[in-house]
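The values are calculated or read from the model by the stated rules, or taken from the named source; none is laboratory data. This one's a predicted model, so the numbers in the text were calculated from it and none came from an experiment. Heads up: the accessible areas ignore ligands, DNA and RNA and are worked out on the full protein's heavy atoms, side chains in. Shrake-Rupley method; radii C 1.70, N 1.55, O 1.52, S 1.80 Å.
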Amino acid sequence: MKTNNLCCSNIVTSLVLIIIISAFLPNYTTSINAYSNTSKLPKSFGSFKDGIIDKSMISSTLKSHSIVLKTYNTTDMISYVGEVNVSNLPRPLFKPFIGINSKESYLTRNFQAYKSAKNQSEIVRPNTSVLEIEPNSYTSSSSSKNNLMTLTNKQWPLSHRSNYFNTTAILSAKFEGLSQNCCVPPDIQVAAGTKHVVEMVNLDGAIYTKNGTLLKSFGLEFLFGPTMAKASQGSDGIMSDPVLLFDNLSGRWFASISDITIHSIRVAVSKTDDPTGVWRIYNIPFGLQSNNCSDQPFIGLSKDKLVITVNNWDNDCDWRSDNQPPKFMGVQFTVACKADLLSGSRSVKSIQSEPELTYFSLHPAITFTPTTTLLIVTAGDFNHNSVQALYIDGHSLYHLQLELVSYGIQDTHVAPDGIQPMVQVARQITKVGEQQPKVSTGDARIQNAIWYQGKLWIAFNDGCFIPGDTKSRSCIRLIQIDTTIGKVIQDIDVGSLASSLYYPAISISRNGTLGIIFGYSSHSVHPSLLVSTRSSSNYEFNSIKMPQYLKLGTANELSNRYGDYFAASSDPSNSSVIWVAGEYHSMATWSTYIGGLNTGTTILSKMGVEGK
């Protein structure tokens, strides 16, 4: 395999600091010379310099903001753990979680501020623009909207609701995914390769054919822990937050997970495009504290680099005895040489940033064309009015240029928790006056981001208010940014009257059509899954077709955790298909459902390199 990627060059170049920073202004330009007043510039992560093999710390300072970013050469810190053959891995069965968990477990930047905002979220009236959708095929008649409102206000009869739903119009395939085997929330991931569809959840994996035939299921502790796999016994460690990608350029699978026990992130890379075969496992440490816990290890890929972003917490992510949350210790990212990972190198060249408290929840954007640029985005936790986009590129892994661009958006909000049908759950609700459980919607961190032909799409949970409703509801926020001209093209909440929407996941098919999955519930609809597509010839959000049910739920969510994320992934061998997966409920514990969205066959144009 060729290993002459620019990121793998061993040539030491001059120690030159290059910082290119742009602000979101009407007359956007990438030239720093356009700004004479640097106080208008957003805070910068800085720039990597040439690596020093003895792990010397590198400092970069943007004087106008007095911020010092320290970065490390971590080449000799990433360790090769071993390899596993997935076809040999077991899947132990554990006792599922049942009932309401009253113990707090949600990690957010400022938990007290988050809880206060959550408690006020139904009475706050956000003034964001809202697109009202009609999640019901029955509403295709001329009086559809009135019929929907009537049905919503009167509560759809549970015994007759299925007559209204059409789940086949845009679906090329649909089948049951993994169900709860140990943990909440499921943290669902799905990706399609050339011949397979792979799903990962907390804490299992499954490999399917594209018609839904299950080929292999296995425990993720065995995939990411080769020594456990060889011993055919479970790990005593704690793992969480799986992330999964298929890289069409290399034809390989990439996956990551947080290993809380050893305070690091595990990364798995397949040796071929066959996910049932051999995977190589690497260990990447994060954080500087002995009790550091790094969660949600989202990964992104360019032509020559891999990036992993994490949120760091103290106290091993555990709540303290006085029910106080672990302290947020900053975001971090590692950039590693992709060719080293693909070749199974025992020495993976890499650079890691020092923990940074200024930002929260960095999320790599998924790119669809060959480019050496990595793009990381963040919208913070809530009550923010900008999206920060960090572009990372360079001729060498040890000489990367970082460009941080701020795009102005409408304010973000903590979404109210999702509503559900009012039902009696005898064993779970025991206290007089105890509230019915709701669907936990978390904060307004970015759920996922995609970058296609110079357009950046972002999706996350948000609170919104629809005129005619009695309360604010959980909605999904969709933002489209033209990164070539630095302009926010669309910024809108999507909601439904007297209903809750949550955990959106989006992707772009290779013919250029947007596909989306999200959760949906109301006082008459149990937590369910909706899907939709956006016409490739119409760039307005209102061209999103009336969403259809991928899976209708038949039971309520009973825990205090949901999500934390759903998944959407384009099919590399079928230009019109996007694979999606999400959580729904047919019993007290969670289940997942997988679908292939058929987005049509029209090709927009030949894909080019992403622009900024």
Residues of the stretch 287-378: accessible area per residue with a 1.4 Å probe, Å²: 27
Compute and list, largest first, the equivalent-ellipsoid semi-axes of the stretch 455-521 from the alpha carbon gyration tensor, each √(5λ) rounded to a whole angstrom. 25, 15, 8
Computed Rg/Rh of the stretch 200-353, alpha carbon atoms with Kirkwood Rh: 0.98
Give the aspartates and glutamates reachable from Lys471 as a straight Cα distance under 16 Å; neighbours fewer than 8 places away on the same chain don't count. Glu122, Glu132, Asp417, Asp462, Asp493
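Filter Lys115/Lys551; Lys195/Lys338; Lys327/Lys349; Lys216/Lys349; Lys438/Lys551 down to the pairs with a C-alpha to C-alpha distance above 25 Å, please. Mind showing how you got there, number by number?
Numbers: Lys115/Lys551 31 Å; Lys195/Lys338 23 Å; Lys327/Lys349 31 Å; Lys216/Lys349 33 Å; Lys438/Lys551 19 Å.
Pairs exceeding 25 Å: Lys115/Lys551; Lys327/Lys349; Lys216/Lys349.
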With a 1.4 Å probe and all protein chains left in place, how much of the accessible area of the stretch 184-224 comes from carbon and sulfur atoms, in whole percent? 53
